[in-house]
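This report concerns only the one structure given below.
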Amino acid sequence: MFSKEVQIEAVTMYLQGIPPYKIRKKFGIKGTDTIRNWVTNIKELGVYGLNNASQSKTNYQYSFKIKVIQWRLEHKASLPVTAKKFHIRTPSTIWQWERALESGRLKSNKQRRKKIMTKQEDNKIKKLEEENELLRIKVAYLEKHEALAQEKKKLQTKTRR
């Protein structure tokens, strides 16, 4: 909702001792904890800790997720410490990755695309099957129509003789 520049300026003012209510008033910040959250995030993660207004969701590569989980297990580190080391905004993200890995739901990006493509292919196959069925019906109709036309022609030639 707020640009990085606004967040940095607000945190700077806060660290200079300006009261939070004045900062909130200047920038139109409604939440009372917003500035404190920004301060905490900057202290823990640096500029990476700030929310980017144009970036709604960060997509991490499968290999990065595995690297983070492995590092956390090897170093027996807490979620916040691991998040800070790898510049991940919310420690619970790592927890979700770990649960997904345990349950077999953590998939590489290629596997995800295959699943999506499979759904698209399934829809395409269903449409093609429907189209094939319609074409079979049309062909059967035309064959029947042609057979009837030939039968009629034979009858007409017999009656003329």
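Shown is the FRET efficiency for Thr90 and Lys22, computed with R0 = 30 Å from the Cβ-Cβ distance and rounded to the nearest 0.05: 0.55. The relative contact order of the chain comes to 16 percent, based on Cα pairs under 8 Å that sit 6 or more residues apart.
What's the local net charge at Lys43, with K and R +1, D and E -1, over the other residues with C-beta under 13 Å away? List each step's numbers first, then the result.
Details: positive: Arg36, Lys84; negative: Glu44.
Around Lys43, the surrounding residues sum to +1.
Note on the chain: with neighbouring protein chains present and a 1.4 Å probe, carbon and sulfur make up 54 percent of its accessible heavy-atom surface.
Under 13 Å from the Cβ of Ile18, count the other residues' Cβ atoms, weight Lys and Arg +1, Asp and Glu -1, and hand me the total. Residues close to Ile18 contribute a combined charge of +3. What net charge is computed for the residues neighbouring Ala83, neighbours being all others with C-beta under 10 Å from the C-beta of Ala83, Lys and Arg scored +1, Asp and Glu -1? Neighbourhood net charge equals +3. Counting only Cα atoms, region 60-155 measures 93, 21, 17 Å along its principal axes, largest extent leading. Protein heavy-atom accessible surface, 1.4 Å probe, per residue over the chain: 80 Å².
Scanning the chain for DSSP H helices at least 15 Å long along the axis (C-alpha atoms) with a Kyte-Doolittle mean no lower than -0.5 picks out 4-15, 34-45, 62-75. Beyond 28 Å in Cα-Cα separation lie the following of the pairs Lys124/Lys144; Lys43/Lys67; Lys43/Lys76: Lys124/Lys144.
With the cut-off at 29 Å, report for the chain the share of all Cα pairs above it, as a whole percent. Within the chain, distances greater than 29 Å cover 55 percent of Cα pairs. In the chain, the DSSP-assigned H stretches of four residues or longer account for a calculated mean residue ellipticity at 222 nm of -24500 deg cm²/dmol, using -39500 (n - 2.57) per stretch and the full residue count as denominator.
Per 0.36 nm of contour for each residue apart, how much would the distance between Lys4 and Ala100 grow if the chain were fully extended, relative to their Cα-Cα spacing?
Length gained between Lys4 and Ala100: 31.4 nm.
The values are calculated or read from the model by the stated rules, or taken from the named source; none is laboratory data. For clarity, every value in this text was computed on a predicted model and none was experimentally measured. Cβ atoms come from the backbone with ideal geometry, glycine included; neighbour counts cover every protein chain shown. Ligands, DNA and RNA are excluded from the accessible area calculation, which covers all protein heavy atoms including side chains. Shrake-Rupley method; radii C 1.70, N 1.55, O 1.52, S 1.80 Å.
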